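Here the structure is laid out as structure tokens; the discussion comes afterwards.
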Amino acid sequence: MIRLENVTKRYGETLAVDSLTLDIPAGEVCVLIGPSGCGKTTTLRMMNRLIEPTSGHIFVDEADVETLRPEQLRRGLGYAIQSVGLFPHLTVGENIVTVPKLLKWDKERMAARVEELLTLVGLAPSEYEGKYPRQLSGGEAQRVGVARALAADPPVLLMDEPFGAVDPLTRQRLQAEFVRIQRDLRKTVVFVTHDVDEAIRLADRIALMRGGRLQQYATPEEILDHPANKFVHDFMGADRALKRLGRVKVSDVMRTDVPTVDSSTRAADLRSRASCAEERFLYLVDGSGRLAGWFDCADLADGGGPESAMTSVDWRESAVASDASLKEALSRMLEFGFRSIAVVDGEGRLLGDVALPTIEAALGAGDTHVAAADGQGGARP
Amino acid sequence: MGSAQSRRIDRVAAAGALIALAGCVWLPFAVSRANRIVAGVPAGIGSAGAPGYALALLAVLALVAALYPDRGRRPAFALASAAALAAILPWALGRSAVTLLAGAPAFARVSVGGGAWLTAAGAAVVWFAASQAASRRTLGYAAAGLVAASWALAFAFGGLDRLSLVMEYAVQRDLFWSAVGTHLSLVGISLGIALLIGVPLGVAASRVGLVRDVVLGVVGVIQTVPSLALLGLLVVPLSLLGLPGIGPLPGVIALTLYSLLPIVRDTYIGLAGVDPAIVDAGRGMGMSRLQLLLRVEAPLALPLMIEGTRAAAVTIIGIAAVVAFVGVGTLGVLVFLGWGQQADDLILLGALPMVVMAVVADGSLRWLGRAVVSPGLRGDLR
Ligand SMILES: Nc1ncnc2c1ncn2[C@@H]1O[C@H](COP(=O)(O)OP(=O)(O)OP(=O)(O)O)[C@@H](O)[C@H]1O
Ligand SMILES: [Mg+2]
């Protein structure tokens, strides 16, 4: 879809990009990563001709971009810039339809598109459409920036640190949304970041650069397992095994047939439940399936009363979302001292759980030994 | 606004009320003369009878409003007393004129005294302070309408027509209106030409560094040349071109040149101040240079461009008076005529309309600035 052939950009003495060759297949997410000043932004901006290369050729859809009118080319490449750059005098809705307006769509189509895109990026259309950029938080503005880049449904998206300006929590939410959106839309995405975890989580392929030169271009697994040189090895970090967990989604490995009990059941009644014989933990769910807590059969066996065996929790705090990565799940488990953790959907409905042995298995050959599990699925200290 | 409300005393309004009160009791309210040239005899507020005492009472009321702890009603109360002051003032002046002229010879005339001017100024200050604190604008508009109606009625029935200022007007009516017309058209044409030249120059200055240095330098130098000197200097190039050095042409050229600086400078600053990230986003989404300018940069620079136009308008309304020197019949003609005849009221007849024009131009362009600028750029958005 996008091909760079020996592309070089020189600023006086500095080689911002040095004979870069890159082939990005359609429908894939290519993450450009590397230390500050390594030429990521320059590379991205040469693709939509905001910067002209000193030498070399860039092809989009087999057409040499030099032969296209820049305006024409850019309208087909959605562009989300690092600093968002929303137009402050236009509403969120008007910002989003910038490109459709240039393409002279009719009013109904644009209105429908605004509603669709705001819903897609998780902002309530009725609430946000009429707001002005200065009324938005940083995270909301970045979502609008992404919606604006998507507006004319371009086959290619160029995103320069689109989640750069938000707190880590919002960042993770936006990443999860990106994964969800990309699963449906299958765009060709060139995504710039300097966050290794973000790259591993989002990329189909990672292009690691240094001083304008490409160091390695491969899938995240490949780059983690077989770094091409010492720089790649060091850049990806020492905890490569742990990072690999960032590639695995909780929903792909979780156990779904977890034992549940209605949370309105009286504690005393649980003692007689047969399920206690097989499982140590019973998840408590409310009428609509939301996680409300759990019941520990072991506590009962130890002679504790039924009340002390029952723990009430808030699903927002003591569970992970199904689109979280195993890395996140592990870090939550270590944080709470759990050996397994419940998995919920966006409304808090219990979907399953993940236990330490599962994570160990996902680590593959197991060059890292996470704290030994006691072997029992669903065990907690 | 919030601070003025939370303060125990509205100091600005209090100062205005004191000024008005001083005007009522301290300075002569009106000045009478046996004829146009001789020295005047001052007369106190007593000459204005009941309306005069009402003025003094209202000034005290305004003072009380400014000093009394605010329970939310203060702005309305202060605005009402300021409006009442402004509405009763013409009736007091009219009554004073009628009283002082009773039994005097036909040449006798009554001028507006320092006290009356001071009262008017004080009322304006209270008005300003109250409208800053007021939450709704409608109250101010209603009060302004009331005052205007009161003045009109005072002309017809209140004896205001006996004031020498009004009598000068009666004599010079034709000259007055032609001067107002000339003044307005000269200012309007010059401002229009300056906008036609200045906005493109400002755009060019924001694009090309060399143009910026040259243009901003040149218009800056022009602004420092005194207006009379500029009119004199214009004679040379105009005569070289075979054009007249006097008349409307040099007038329009001079006023256009003076308007250029604020318009060019503010257009340039407005465009240059647009966040580069915003321009970058627009380019990256496939806007052409022109689309970027018209849809993004110009709307963002608009508040400053209107501000530059406002500054230019207010400046050249004043300078247009000087243009009378090169034989253009602006309001300056009345002022110079008054100087020549030592007739203060004739000077005033020329000066007052210029003040009104400047205030109206200032107010309406400020209003325009608020009306056309996107709510997304305004400070009051929450
Ligand atoms: N307009 C320019 N003139 C001169 N040098 C430039 C210009 N733009 C970029 N450079 C240089 O080119 C190199 C690559 O810049 P680039 O912006 O592509 O880096 P980056 O990888 O995006 O860095 P960051 O992560 O900090 O955004 C840097 O050394 C930079 O100083
Ligand atoms: Mg960059």
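The values are calculated or read from the model by the stated rules, or taken from the named source; none is laboratory data. As the structure is a computational prediction, the values presented were derived from the model and not from experiment. Cβ sites come from the backbone with ideal geometry, for glycine too, and all protein chains shown count toward neighbours. All accessible areas refer to the heavy atoms of the entire protein, side chains included, with ligands and DNA or RNA removed. Shrake-Rupley method; radii C 1.70, N 1.55, O 1.52, S 1.80 Å.
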- Give me the angle, in degrees from 0 to 90, between the Cα long axis of helix B:114-133 and the longest principal axis of the Cα atoms of chain B, rounded to the nearest 10. 50 degrees
- Query: In 20 Å bins starting at 0, how do the alpha-carbon pair distances of chain A split up by percent?
  - Reply: 25, 47, 24, 4, 0
- If ligands, DNA and RNA are left out, what is the accessible area of A:Glu317 with a 1.4 Å probe, given in Å² to the nearest 10? 110 Å²
- If amide H atoms are built 1.01 Å from N in the plane of the peptide, which residues on other chains or at least 5 residues away come under 5 Å of the amide H of A:Leu32? A:Phe191, A:Val192, A:Thr193, A:Ala207
- Message: Whole-Hz ³J(HN,Hα) for each residue in region B:349-357, computed from phi via Karplus 6.51 cos²θ - 1.76 cosθ + 1.60 with θ = phi - 60°, x for glycine and proline: what do you get?
- Response: 4, x, 7, 4, x, 5, 4, 4, 4
- Task: Take B:Ala102, project a point 7 Å from its Cα along the Cβ direction, then tell me which residues of region B:32-56 have their backbone nitrogen under 13 Å from it.
- Result: B:47-50
- If you plug each phi of region A:239-244 into the Karplus form 6.51 cos²θ - 1.76 cosθ + 1.60 with θ = phi - 60°, what whole-Hz ³J(HN,Hα) values come out, in order, with x for Gly and Pro? 8, 5, 4, 5, 4, 4
- Backbone HN-Hα couplings from phi across region A:58-72 [Karplus 6.51/-1.76/1.60, Hz, Gly and Pro as x]: 10, 10, 10, 6, 6, 9, 5, 4, 4, 8, 9, 5, x, 4, 4
- How about region A:90-180: which trypsin sites (Lys or Arg not before Pro) there lie in a loop by DSSP and see at most 11 other Cβ atoms within 10 Å? A:Lys104
- Any residue on another chain or 5+ positions along whose placed amide H is under 5 Å from the amide H of A:Val248 is listed here as A:Leu326, A:Lys327
- State the Kirkwood hydrodynamic radius of region B:173-377 in Å, one decimal place, computed from all pairs of distinct Cα atoms. 18.4 Å
- At the nearest 100 Å², what buried accessible area, both sides summed, do you get for B and A when the probe is 1.4 Å? 2100 Å²
- Query: How much area per residue is accessible in the protein assembly as shown when the probe is 1.4 Å and only protein heavy atoms are counted (Å²)?
  - Reply: 46 Å²
- Message: Only Cα pairs within less than 10 Å get springs; with that Gaussian network setup on chain B, which residue of B:Tyr169, B:Tyr268, B:Tyr141 has the largest fluctuation?
- Response: B:Tyr141
- Query: Using a probe of 1.4 angstrom, how much of the accessible area of the protein assembly as shown is carbon and sulfur, in percent?
  - Reply: 60 percent
- Restricting the count to DSSP beta bridges whose residues both fall in region A:2-245, what percent are antiparallel, rounded to a multiple of 5? 55 percent
- Query: With every protein chain in place, what's the accessible area of A:Asp184 (1.4 Å probe, Å², nearest 10)?
  - Reply: 110 Å²
- Message: I want to check the label-to-label distance for A:Glu13 and A:Asp204. Put each point 7 Å from Cα in the C-beta direction and report it in nm to one decimal.
- Response: 4.2 nm
- Note on the structure: With all protein chains in place and a 1.4 Å probe, A:Asp234 shows an accessible area in Å² (nearest 10) of 80 Å²
- Note on the structure: Simple spin-label estimate for B:Trp339/A:Lys230, 7 Å along Cα→Cβ, in nm, reads 8.7 nm
- Given H placed on each backbone N at 1.01 Å, which residues far from A:Arg213 in sequence or on other chains put an amide H within less than 5 Å of it? A:Asp18
- Query: In whole Å, what three semi-axes, largest first, describe the equivalent ellipsoid of the protein assembly as shown built from its Cα gyration tensor (square root of 5 times each eigenvalue)?
  - Reply: 76, 39, 18
- Taking every residue of A:81-94, the Cβ atoms of other protein chains inside 10 Å of its Cβ average out to 6
- Note on the structure: Beyond 31 Å (Cα-Cα) in this structure, taken from A:Lys9/A:Lys249; A:Lys40/A:Lys230; A:Lys104/A:Lys131; A:Lys9/A:Lys243; A:Lys131/A:Lys243; A:Lys101/A:Lys187, we find A:Lys9/A:Lys249; A:Lys9/A:Lys243; A:Lys131/A:Lys243
- Which angle from 0 to 90°, rounded to the nearest 10, does the C-alpha axis of helix A:107-120 make with the longest principal axis of chain A? 40 degrees
- Could you estimate the translational diffusion coefficient of region B:38-107 from the Stokes-Einstein equation, with Rh from the Kirkwood formula over C-alpha pairs, at 20 °C and 1.002 mPa s, in whole µm²/s? 156 µm²/s
- Task: Sort B:Ser288, A:Ser126 by accessible area with a 1.4 Å probe, largest first.
- Result: A:Ser126, B:Ser288
- Task: Between A:Lys104 and B:Ala272, with labels modelled 7 Å along Cα→Cβ, what's the label distance in nm to one decimal, could you check?
- Result: 3.8 nm
- Average beta carbon contacts from partner chains per residue of A:150-157, 10 Å cutoff: 1
- Item | Accessible surface, 1.4 Å probe, highest first, among residues A:Thr14, A:Thr170 | A:Thr14, A:Thr170
- Message: Only protein chains counted, 1.4 angstrom probe. Which residues of region B:262-311 are at least 40 Å² less accessible in the assembly than when their chain is isolated?
- Response: B:Ala277, B:Ile278, B:Asp280, B:Ala281, B:Arg283, B:Gly284, B:Met285, B:Gly286, B:Met287, B:Arg295
- FRET E, pair B:Leu249, A:Ala165, Förster distance 60 Å, beta-carbon r, rounded to 0.05: 0.60
- Helix B:298-322: angle to the longest alpha-carbon principal axis of chain B, degrees 0 to 90, nearest 10? 50 degrees
- Item | Dipole of chain A, positive end: most advanced residue of A:Ser312, A:Leu282, A:Gly212 [Cβ charges, Cα centre] | A:Gly212
- Query: Got a sec? Which residues in region A:106-130 would a label at A:Arg349 touch, if it sits 7 Å along Cα→Cβ and we count backbone N under 19 Å?
  - Reply: none
